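The values are calculated or read from the model by the stated rules, or taken from the named source; none is laboratory data. Every value quoted in this text rests on a predicted model; they were computed, and no experiment measured them. Glycine also receives a Cβ, built like all others from the backbone with ideal geometry; neighbour counts cover every protein chain displayed.
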Amino acid sequence: MLRPNTFALTALLALLTGLGPLSMDMYLPSLPDIGRALHASTAQVQLTMSFYLAGFAVGQILYGPISDRFGRKPVLLAALTLFGLGSAVCSVTESIHHLIALRLVQALGGAGSVVLGQAIVRDLYTGVRAGRELSVMGSIMGVAPIIAPLIGGALQTAFGWHSSFVVLMAFALIAGSTVARFLPETLRQKAPGPFSLRSIAALYGSVLAHRGFIAHLGILVATYVGLLVWVSGSSIVLQGVYGLTPMLFGIAFACGSAGFLVGANIAARIVMRLGLHHTIGIGTAAMATGGLIMAADVALGDSHVVVLVGSMTIYLAGMGLALPQAMAGALTPFPDRAGTAASLMGFTQLSCAAIGAAVTGLYLGHSAWPVAGVVATMGCLSFTIWALTRTARAVER
């Protein structure tokens, strides 16, 4: 069995939380081909992303309270099984409507690995130590959005769009086998009382009443909306507006995603010295800077793909600095309700991001401005929330 404070456990948790980026980023180079092959409009193809985000959000609201009551490991295995089955059926469908619905099923399974990975971290660590662990996980997980579009572009070129879902099915099988054999149960004390809708509502109410949780959640939501609008719209913008091939898109997307890896690596080195508050501040300032550069480049009317990707790299570097620390700050007050807090955190982030991605998708097609405007707005909003909520977020103990 894997033990706390070991790289092997950190790597496994990073792989589990990396399931989200893999599921979203690997098939991005295939979006134009999916539209052609399934005779679907751009808006319909975008719904395969929006429905995935919606399913991911709904799934997260369920897994936390269930795992607080029944344990992390059995719930995680059930989630990975559902994800694997959803991926398998996605790989053989020939209807855009079926693909949209199956992405919802796939997401309902994939949500569990993210929620439970975060809950397991809170089971084992707290405060800035949890922030450091999440940053190290982010450094490992940051490889996923870098290599996923590259793998997806290669798979698309060689085998077509179905192949990405076959690879995701294999990933679920490997992850499930590893969890079953090596991951110990980390929940030390199960939630007391009967398991009911009333008890779940009471748990969520107790989390929502905490001002520090709400303040950190605001930063997380703004960060995620900017990220997911980029993820869902970048394929249309970079391939449709700037004319990149699927493989070049994969390379450009990977270069941007490298920013997150750099930011998470820096955070892992400085958070124990600077603390959560200052590390989040540096990160949100970088996000605001990257977003404003992108918006200015597009607004000037002579936008270049290098500037667009470069500015998003700055945003994602800031996200790598801020995101793990904001998560740690949100989870720290709840040692006995970590699953519930992680569920609420994930649900709110992704439901807002899904709405943002769906609305932005309606305006995509001829300009990068819909993506640039949202990224700039969310970067500035995250920095503003950080600046105004220091007292509420004072949880570093």
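Would you confirm whether any residue within the range 261-269 is in a helix (DSSP H, G or I), among the basic types (Lys, Arg) and in contact with a helix residue (DSSP H, G or I) (Cβ under 9 Å, 6 or more places away or on another chain)?
For the range 261-269, residues in a helix (DSSP H, G or I), among the basic types (Lys, Arg) and in contact with a helix residue (DSSP H, G or I) (Cβ under 9 Å, 6 or more places away or on another chain): present.
Of the residues ALA170, ALA191, only one is among the aliphatic types (A, V, I, L, M), closer than 18 Å to GLN118 by Cβ and either touching a helix residue (DSSP H, G or I) at 6+ places or on another chain (Cβ under 6 Å) or modelled with pLDDT of 90 or more (or both); which?
Answer to the selection: ALA191.
Has the range 111-121 got at least one residue that is free of Cβ contacts under 8 Å to residues at least 12 places away in the same chain and either in contact with a Lys or Arg (Cβ under 7 Å, 6 or more places away or on another chain) or not hydrophobic (A, V, I, L, M, F, W, C) (or both)?
No, there is no match, as no residue in the range 111-121 is free of Cβ contacts under 8 Å to residues at least 12 places away in the same chain and either in contact with a Lys or Arg (Cβ under 7 Å, 6 or more places away or on another chain) or not hydrophobic (A, V, I, L, M, F, W, C) (or both).
Scan the range 202-220 and tell me whether some residue there is without any contact (Cβ under 8 Å) to a residue 24 or more places away in the chain, assigned to a helix (DSSP H, G or I) and within 25 Å of the chain's Cα centre (by Cα).
Within the range 202-220, one or more residues are without any contact (Cβ under 8 Å) to a residue 24 or more places away in the chain, assigned to a helix (DSSP H, G or I) and within 25 Å of the chain's Cα centre (by Cα).
Output the qualifying pairs, or none if there are none: Cβ atoms under 7 angstrom, residues six or more apart or on different chains, first residue in the range 77-91 and within 11 Å of PHE165 (Cα to Cα), second residue surrounded by fewer than 18 Cβ atoms within 10 Å (Cβ to Cβ).
Between residues of the range 77-91 that are within 11 Å of PHE165 (Cα to Cα) and residues that are surrounded by fewer than 18 Cβ atoms within 10 Å (Cβ to Cβ), the close pairs are GLY84/LEU173; SER91/VAL166.
Restricting to the range 343-397, count the residues that are under 14 Å from HIS277 (Cβ atoms), free of Cβ contacts under 8 Å to residues at least 40 places away in the same chain and not hydroxyl-bearing (Ser, Thr, Tyr).
1
Suppose we filter LEU276, LEU238, LEU248 for residues that are among the hydrophobic types (A, V, I, L, M, F, W, C), out of contact with any strand residue (DSSP E or B) (no Cβ under 6 Å at 6 or more places or on another chain) and over 28 Å from MET49 (Cα atoms); which single one remains?
LEU276
Which residue pairs have Cβ atoms closer than 6 Å, lie 6 or more positions apart in sequence or on different chains, and pair a first residue in the range 149-172 that is more than 15 Å from LEU15 (Cβ to Cβ) and of a type in the set (A, V, I, L, M) with a second residue that is in a helix (DSSP H, G or I) and at pLDDT 90 or above?
If the second residue must be in a helix (DSSP H, G or I) and at pLDDT 90 or above, the pairs left are LEU155/SER163; LEU155/SER164; MET169/GLY84; MET169/SER87; MET169/ALA88.
How many of the residues making up the range 12-67 are among the charged types (D, E, K, R), at pLDDT 85 or above and touching a helix residue (DSSP H, G or I) at 6+ places or on another chain (Cβ under 9 Å)?
So the answer is 1.
Would you pick out the residues in the range 78-100 that are surrounded by fewer than 18 Cβ atoms within 10 Å (Cβ to Cβ) and within 24 Å of GLN118 (Cβ to Cβ)?
ALA78, THR81, LEU85
Take THR178 and tell me if it is farther than 30 Å from LEU31 by Cα, surrounded by 15 or more Cβ atoms within 10 Å (Cβ to Cβ), polar (S, T, N, Q) and in contact (Cβ under 8 Å) with a residue 40 or more places away in the chain.
yes
Here are some conditions: (1) under 30 Å from VAL207 (Cα atoms); (2) assigned to a loop (DSSP other than H, G, I, E, B). GLY329 meets all but one. Which one does it not meet?
(2)
Out of everything in the range 296-344 that is crowded, with 24+ Cβ neighbours inside 10 Å and of a type in the set (Ser, Thr, Tyr), what residue ends up being farthest from ILE61 (Cα to Cα)?
SER311
Here's the yes/no breakdown for (1) part of a loop (DSSP other than H, G, I, E, B); (2) under 16 Å from SER177 (Cα atoms):
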{"residue": "VAL75", "(1), (2)": "no, yes"}
{"residue": "VAL89", "(1), (2)": "no, no"}
{"residue": "GLU94", "(1), (2)": "yes, no"}
{"residue": "LEU102", "(1), (2)": "no, no"}
{"residue": "GLN106", "(1), (2)": "no, no"}
{"residue": "GLY109", "(1), (2)": "no, yes"}
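Can you tell me which residues in the range 360-392 are among the polar types (S, T, N, Q) and either assigned to a loop (DSSP other than H, G, I, E, B) or surrounded by fewer than 17 Cβ atoms within 10 Å (Cβ to Cβ) (or both)?
SER367, THR384, THR389, THR391
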